[in-house]
Amino acid sequence: MRTPILRAAASVIAFAAASGMALAQDVAREDTVIFDLDRTIQDPENFNWFTDNSGVKRISGAHQTMWEPLFILNYGTGELEPWLATGAESNDEFTEWTLTLREGVTWSDGEAFNADDVVYTVGVALENDELSAREAAALRGQVASVEKVDDLTVRFTLNAPNPRFVVENFGVRIANSFLIMPEHVWAGEDPATFTFFPPIGTGPYEYSSGATNRMIWDKRDSWWGADTGFMDMPEPARVIFLESGGEESRAQLMVSNQLDAAQNVTIGTFEAIQAQNPNVIAWYDDYPFAAADPCARQLEINTTIAPWDNANMRKAVAHIIDRSQIVNIAYEGTTEASQTMFAQYGSMDPFINAVVDAGYGLPARSDVEAGQALIEAEGWTRDGDYYTKDGETLSVNIHVNSASTEYTRTIDVIVEQLQRAGIDARAVPVENGVFWGEVLPFGAYEMSYSWLSCGSVNEPWASMGRYTVKDVVPVGERSPGFNNTARWDGAAAEAYSAIVDEISGRALGDEAVPGLVAEAYQHLDAEMPFIPLVQAAKLLPMNTTYWTGWPTADNYYNSPFFWWGHTHQIIHNLEKAQ
Amino acid sequence: MTSQDHVPMTRAEKRQAKRIRRFDNPWMNPKLLWGVGLLLGIIALGLIGRVLWDPELVFTGSAPLKLPPVGFENLRRQEGIWDYPLGTDGGGRDLLALIIIGAPNTLFVGLLASLIGMSIGIFLGFSAGFLGGRTDDTIRVLADVMITIPPLLILVVFQSAFGDVTLTMMALLIAGFVWQSPTRLIRAQVLSMKQSGYVQMAQLSGASTGHIMFREMLPNLVPYLFGSFIASVTTSIVTAVGLEVLGLGPQRIPTLGRTIYEAINAGALIQNLWWWWGIPTLLLAVMFIGLLLINLGLDEVSNPRLRKLS
């Protein structure tokens, strides 16, 4: 947890450097958009996204300005908007998908973007098991083969029916999408070690310079989109992603107009920013200000480590956790308690209701006695502050990513709740890269704070499919695509997986699905491989001093999460403030 | 003299008399008394506070969030209430409880670390100075090398590796970095003292090395050691607070440094939650002023020439 302060100092220097450079190359502040980055770019000269688990090689501007997705899911309308592709069709069984690419798309070095690039990039993901990025792993699990039909048409043959294939892999459904790389640059390189530096893309911006705490992208002279009439050139001449280093410095930078869009802050900080700089806005004009994030927060449990390999012990923890206290303290009332593993979007209501009606919904308040009764039934006895059994104290280490106050404070609250109930819980704050790179995928934890059931926004499978038995690997091996990092196994998990597989082949809107969801959920409820906590809310301050056209509830062209791959749309919507 | 018996004392004479009284009892030094008073005040705050106030309020979620001290308003126009007279922080902890528990904890780390560090320093310093030869070379080189290493750098790495540490653990780690200066200084003192008559006398009369070192020489160094001890308490507290402010101290045990860390981390400055970082900072200031006064006072006690004559 030391990093925020070091980073704060670093980012001040970085900013001086960044603005110095901006002056040197004559890009005025009013032509520059500065986005906030919440993590350190450990290796700024490596753009091989296939090997990137913490996402930082993409979210420091690469997939927002340089690499473009095939489609973008519009959160407002629920539609899949074509970008580099123009359409996708499947056969009736959803086992074969044909994608059509847009004509006239070119890489920034002038080469044409075509089916060869798509086939090559998908092939790289299929053939190299060591490429660990979630998007590559997910595609590897789904696709049997890929072939070029003509220059602008690609056909995928899947292992199993998947009606959501395109939105899941190529549509920026949540944060990322599978990114197509230029074959003419990558061919002949080892995809596991190639650094792809300097990088090129199809987008309107190109890489200018980078360091561990910032990355600068400059507008190109021409872009295929403007040439073909797809879209006008975006207005900003330069886009900077700058590591601000924590809530305090992020707030100060917003107040002094040195940042145009900031990462999540607490509501108190947001109110303070707005009081000092009335040009700063958020998703809503008024309380609660924050936009709902599709990744609900949860407590991930490693089901292979005693005593948490016992479902009753996990259920006990679930009883002890008080979600409403997390909402009130860690989020200061800006979010709500989770009832199920799902994001509480209107589009998810049928599935959430089915689970709640079947009696598997989670209460907002705790039932400490029920939890303690379960612990005592397992042979633990309370000895002073903590439970003990055979001379051993009931204790747990909870790993938490130290990148945000939101994460650490949630775990502080949970630690306190467990302590009071007689479990010697401790928070283990870990740096972002270590957390995503070493702790979570390899099961090197007892419990951890995560959002790994994230996935579903309008159907249940994307989330539920992440906890099936086919993804179980031993501790010390990498969980494929961060799926089932809880390593949940056994009879109940198998029964659950069978029902989830049944759901996976069904089309969107199939009436039997909510019933199946409830049926599968009984196993999750009985075994608790993870404990849903609260819905995530992101309070993102956006500055209208230099730029207007930010996404808000009133101007809902897409979600405001500017570290996602759909940020192309945000940048295209920005207009110079008058 | 007889003629003067009836005459009231002149101002100069009064001053003289006062001065003599002061020389009579050098320990009644006002700086020393003030310093000791301030530190005892903090210890008393911890002892009495625990009885009169609810120590459970130091835990997350035990109080409303961000309430100001009594008599002030926060940005949301909430007024301070007597249930939480010094206000509360952003995690729902009571500031009064935090300082009742946290301030003695911070002092404890400093005292323990320098007690251990000084003991090591005394032992090594005496050994080096008195025994000389190889022992001296080894200890001197070791101390010289350690003196050049910036302690915070090493401690940051250590603490990160250990994860959640206890107060005692932290004190032990810091103690590993406060023994070098006392070692060097005591060695120098011992070297000069070794030539003095009473030491040579003791040697001639066959006293053991341990006896000479700790029974003959040590008592003469006591005032000096005291001063050195207080200086190393200050260093230890600065180091401990430095680590805590970086978020590397114990996590669930309140300390002043950790409170400041959490305030900075949660944006307390921009939200104008001055009590959150201000009160612990004030207490740290009091602690350092207390230590400084004790140090100055001890100087005057052991060195009469420093005492003011008026």
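Values in this text are rule-based calculations from the coordinates and carry no lab data. Keep in mind that what you see is a predicted model, and the values were worked out from it rather than measured. Positions of Cβ are backbone-derived with ideal geometry, glycine not excepted, and every protein chain shown enters the neighbour counts.
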Next item on the list: Could you give the size of the charge dipole of the range A:292-536 about its Cα centre, using +1 on the Cβ of each K and R and -1 on the Cβ of each D and E, expressed in debye and rounded to the nearest 20?
Entry: 260 debye
Notebook entry, point to check: With charges only on Cβ, +1 for K and R and -1 for D and E, what is the dipole size of the range A:126-264 about its Cα centre, in debye, rounded to 20?
Noted result: 360 debye
Note to self: On a 30 Å Cα-Cα criterion, which of the cross-link pairs A:315/B:66; A:57/A:538; A:148/A:538; A:315/A:470; A:538/B:66 come out too long?
What the structure shows: A:315/B:66; A:148/A:538
Notebook entry, point to check: In chain B, with Lys and Arg counted as +1 and Asp and Glu as -1 at Cβ, which of these residues, B:61, B:193, B:230, has the Cα nearest the positive end of the dipole, that is, farthest along it?
Noted result: B:193
Check: For B:277, A:49, what's the fewest-to-most ordering of other Cβ within 10 Å of each Cβ?
Finding: B:277, A:49
Next item on the list: At a temperature of 20 °C and a viscosity of 1.002 mPa s, determine how fast chain B diffuses translationally according to Stokes-Einstein, using the Kirkwood radius over alpha-carbon pairs as Rh; express D in µm²/s, rounded to the nearest whole number.
Entry: 96 µm²/s
Next item on the list: Name the aspartates and glutamates eligible as straight-distance cross-link partners of residue B:18: C-alpha to C-alpha under 17 Å, and not fewer than 8 places from it in the same chain.
Entry: B:300
Checklist line | Rg over Rh, two decimals, the range B:27-105 (C-alpha only, Kirkwood Rh) | finding: 1.12
Checklist line | Total formal charge among the other residues, if their Cβ is under 11 angstrom from that of residue A:47, Lys/Arg +1 and Asp/Glu -1 | finding: -1
Item checked: Low-density loop positions, trypsin sites (Lys or Arg not before Pro), the range B:251-310 - DSSP coil, at most 15 other Cβ in 10 Å -> B:307, B:308
Checklist line | the protein assembly as shown - convex hull of alpha carbons, volume per residue in Å³ | finding: 228 Å³
Margin query: Just to check I understand the Karplus step: with θ = phi - 60° and J = 6.51 cos²θ - 1.76 cosθ + 1.60, what whole-Hz values come out for the range A:427-435, glycine and proline as x?
Written below: 8, 10, x, 10, 5, 3, x, 5, 4
Note to self: I need A:238, A:478, A:409 ordered by Cβ neighbour count within 10 Å, fewest first.
What the structure shows: A:478, A:238, A:409
Next item on the list: Give, rounded to the nearest 20 debye, the magnitude of the charge dipole that the protein assembly as shown has about its Cα centre when Lys and Arg contribute +1 at Cβ and Asp and Glu contribute -1 at Cβ.
Entry: 6460 debye
Margin query: For the range A:534-562 and the range A:468-491, what is the centre-to-centre distance using only Cα atoms, to the nearest Å?
Written below: 35 Å
Notebook entry, point to check: Based solely on its DSSP helices, what 222 nm [θ] is calculated for chain B when runs of n ≥ 4 H residues each add -39,500 (n - 2.57) and the sum is averaged over all residues, nearest 500 deg cm²/dmol?
Noted result: -22000 deg cm²/dmol
Next item on the list: Take chain B, connect every pair of alpha-carbon atoms lying under 10 Å apart with a spring to form a Gaussian network, then pick out the residue of B:42, B:270, B:237 with the largest mean-square fluctuation.
Entry: B:270
Next item on the list: Tell me which residues come under 5 Å, amide H to amide H, from residue A:540 once H is placed; ignore anything under 5 positions away on its chain.
Entry: A:283, A:291
